[in-house]
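Beneath this line is the structure, given in structure tokens, with notes to follow.
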Amino acid sequence: MKRLYFLITTLVITTLACSLPGNPSAAAQPIETAAQTPVQNEAGGTSSKFDSSKLGTSQRDIAYCTMDGVALKMDVYYPSSNESPWPATMYVHGGGWSSGDKAEGVGALGIPSLQRAGFLVVAVNYRLAPEHPFPAMIEDVKCAVRYLRAHAGEYNLDPNRIGAWGGSAGGHLAALLGTSDESAGFDVGEYLDQSSRVQAVVDMFGPTDLTAQFEGGYEKASRVFNGFDPALASPVTYVTPDDPPFLMLHGDSDELVPIEQSQILLAALQTAGVPAELVTVTNAGHSFKPVTDAPIDPTREELSGLVVDFFLEHLK
């Protein structure tokens with residue numbers, strides 16, 4: 001279904017791209033769980049009954065899928081509230097698709113604020129380039145979403161309320177989760193009876209159109225994509241009216257991934273009728289680093305609040 005929109009989306013991309021500048025602690029041990037009884041979750045997958053002793057705790061390095069012999073790991077952060085079931089949010093780390101780790105989600109814009117707000121939060125690792133070139137990364141994070149739905153009872157999560165967020169390469173992958181469906185060919189591996197679609201996306205300074213030229217784009221990351229069609233690696237290619245709401249956060253002075261990348265996706269989403277908002281962070285470079293001695297605006301604390309409020313609006 002997504003491919004039917006390719007030509008229209010390409011025209012939008014081309015028009016917009018023409019306006020772009022030329023150069024553009026140590027991990028805790030897993031918690032032992034009590035004996036569990038298989039149950040049927042709302043999405044149709046068989047999972048296990050939730051162990052309430054996990055409330056307010058976290059688990060590290062849970063294997064969620066195995067791809068090409070690589071056991072992929074996630075960390076899970078449980079809220080303290082005993083409501084049932086919880087909405088879930090999934091953090092996807094950055095690092096140019098070739099470095100980084102799930103632990104990066106614990107920060108000012110990350111996991112603690114969402115956990116306190118009553119979300120089940122997971123942070124995932126994925127295979128990294130150049131050993132595992134694209135599309136390995138998006139295949140892995142899609143498998144993570146399917147795993148969560150298949151184990152909804154075990155994690156006390158609502159399979160119909162899953163959001164994703166990330167920054168830089170993680171923002172790119174979160175955006176791809178939001179726009180691409182099974183027709184893109186990224187759904188491979190385990191739990192294929194489950195959907196990998198998400199219901200809300202926060203994309204922080206992530207590339208969205210890899211056919212455009214910019215410092216942190218396709219040419220710079222050639223070992224990541226290894227000849228993979230840049231259009232088919234671009235979230236904007238797959239935009240359709242059934243995509244989930246998007247919140248994008250981007251620094252106005254980002255030279256690695258220019259703000260025009262978020263503007264391109266914003267225009268495509270709004271043209272398709274998808275709820276989407278772009279918040280421009282002034283005096284901010286990549287990763288919201290201040291470019292002068294003045295503070296960024298909004299502040300990191302305010303940006304964190306925007307992320308929480310967005311997920312509360314669309315997932316709670």
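Using the Cβ of Pro135 as centre and a radius below 13 Å, the other residues enclosed give a net charge of -3, where K and R count +1 and D and E count -1. Each of Glu302 and Lys220 was given a label point 7 Å from its Cα along the Cα-to-Cβ line. The distance between the two points is 2.7 nm. Between Lys49 and Leu312, what is the label-to-label distance in nm when each label sits 7 Å out along the Cα-to-Cβ direction? Distance between the two pseudo-spin positions: 3.3 nm.
Dipole orientation for the stretch 271-316: of the candidates Thr282, Thr292, Leu315, Leu315 has the Cα lying most toward the positive pole (charges on Cβ; Lys, Arg +1; Asp, Glu -1).
Relative to one another, the C-alpha centroids of the stretch 84-159 and the stretch 191-251 are positioned 16 Å apart.
Values in this text are rule-based calculations from the coordinates and carry no lab data. From a predicted model like this one, the values you see are computed outputs, not experimental measurements. Please note: Cβ atoms are built from the backbone with ideal geometry, for glycine as well, and neighbour counts cover all protein chains shown.
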